[in-house]
Amino acid sequence: MITHLHFVLLLLASLIDERQRRAIHYLRAENRVLREQLGVRRLRLTDPQRRRLAVAAKALGRAALRALETIVTPDTLLRWYAGLVAQKYDGSTQRRRVGRPPKSSELRDLVVRLARENPTWGYTRIRGQLSLLGHQLGRSTIARMLADAGIDPSPNRPTRWREFLQAHLGEVFAADFFTAEVLTISGLVRHHVLFVIDLATRRVEIAGIVRCPDGAWMKQVVRNLTDAFDGFLLRAKYLIVDRDPLFTGEVRQMLAASGVKTVRLPARSPNLNSVADRFVGSIRRECLDHVIPLGAGHLRRVVHAYASHYNRERPHQSVGNGLLEPTTAANGSGPIQCRERVGGLLRFYHREAA
C-alpha cells in the first residue's frame, strides 16, 4: 500500500507542481534561443511531425498557443489540424496508388481508439488485440496509422488523470470544507461545513458543522468517519485532502491507523478535487443561495436535508441522470407523489408503490 500511495502522490504532484512550471518556463526560453539561432531559415518538418504538432495544438486551443513561443504560428498549426480532418473525409478517387488498397476507416478508427484508451500499449500489444478481434495488421501498418493520427509511440503517451481515477474508483474518497453565513442577533457568523464524498458512487456524508473548527473537533470527526460499524470511510483506502492546516499530522496519523492514507493535493490545484468542488457548487446553487440560515441549528437542518436529497432524490449526470440510492417508492407504479424538503425548495417526484 505504501508503493501505491507513493505512486498517487507522485502523479498528483506532477500535474500542477512548481517544478513543472519552471520546466515549462525553461523550455519556452530555450525555444526562443533556438529560434534566434535559426534566424530566417525555414524549418523543414516531415508530415508525421506536422501531424503530431497539429493534434497537440488542437488540444491547447488558439488562446493558449498565442501565449507560447511556438516554432510556427498558431494559425498554421490549426490549419494543419483542419487539413488532417479534411483528409480523413476526403472521398476523392482521382489519385489512386499502385499496390494494396488502403485500410478501411473503421479499422483505422479502431487502431486509434486502442492506442488512446491504452497509453501503455505498444504496436505489438495492439496487433495482438486486433488479432483477437479478427483483424490481421503488421506493426509497421499500425505505426503508420498512429503517426497519421498524430499519436506518439507508447512510452511517450501520458496516462490521463481520468484514466488513473477510473482505475482507483471505489477506494478513493475526498474531503473538503465550505463555509456558510448564519444570521444571528449579533450579525452574520461564519460556520464551516466538512463533508466527505465517495468518488465512485458520488455519495456524500456531512462530517460536521461548526463555527470554529479546531484539532479536538477534527479528531472526533475522524473517529466518527472511521467507526468500525458504520463509518463512512470503511471502504476507503485513500482520502484526498487539500492543504488546509486542520488536516494536521495527528489527524493524518489517525486516518492511517484506520487504513486510510491521506493524499494531500499540491497548492493551487482545484481541478484535482473537482468532484468535491462540484458538490459545493451544487449545494450553493440549489439550496444555500436561496436560504437565510437563522441560527446554527437551522443551518444544520438545511445542509443535512440537502445531503439526503443529493444522495436519494436528485438525478445525477454521472450515473446517467439516475439516483445514487434508488428507493422502492421511486420505482413504484402508483400515482405520482411529491416529497418536499426545506419548505418546498427541494422537491422529489416519485410514484407510490401500487
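The values are calculated or read from the model by the stated rules, or taken from the named source; none is laboratory data. Please read these numbers as outputs of a predicted model, since none were measured by experiment. In this analysis, Cβ positions are derived from the backbone assuming ideal geometry, glycine residues included, and neighbour counts consider all displayed protein chains.
For the list (1) among the charged types (D, E, K, R); (2) outside any loop (DSSP other than H, G, I, E, B); (3) at pLDDT below 75, I need the number of the one condition that Arg108 fails.
Of the numbered conditions (1) among the charged types (D, E, K, R); (2) outside any loop (DSSP other than H, G, I, E, B); (3) at pLDDT below 75, the odd one out for Arg108 is (3).
Working only within region 232-242, note down all residues that are part of a loop (DSSP other than H, G, I, E, B) and either of a type outside the set (Gly, Ala, Ser) or farther than 18 Å from Asp176 by Cβ (or both).
Phe232, Leu233, Leu234, Arg235, Lys237, Asp242
Checking Gly215 against (1) surrounded by 19 or more Cβ atoms within 10 Å (Cβ to Cβ); (2) in contact with a Ser or Thr (Cβ under 8 Å, 6 or more places away or on another chain); (3) under 12 Å from Met254 (Cβ atoms); (4) not basic (Lys, Arg): exactly one of these is not met. Which one?
Here Gly215 clears every test but (1).
Just one of Val196, Val182 is of a type in the set (Val, Ile, Thr), assigned to a strand (DSSP E or B), over 24 Å from Ser258 (Cα atoms) and in contact with a strand residue (DSSP E or B) (Cβ under 7 Å, 6 or more places away or on another chain); which is it?
Answer to the selection: Val182.
Does Gly215 count as over 18 Å from His304 (Cα atoms) and either touching a residue at least 12 places away in the same chain (Cβ under 8 Å) or touching a helix residue (DSSP H, G or I) at 6+ places or on another chain (Cβ under 6 Å) (or both)?
yes
Confirm whether Val251 is within 13 Å of Ala175 (Cβ to Cβ), in contact (Cβ under 8 Å) with a residue 24 or more places away in the chain and aliphatic (A, V, I, L, M).
Yes: the conditions hold for Val251.
Can you work out which of the residues in region 309-329 that are farther than 18 Å from Arg278 by Cβ and among the polar types (S, T, N, Q) is surrounded by the most Cβ atoms within 10 Å (Cβ to Cβ)?
Here the residue is Thr327.
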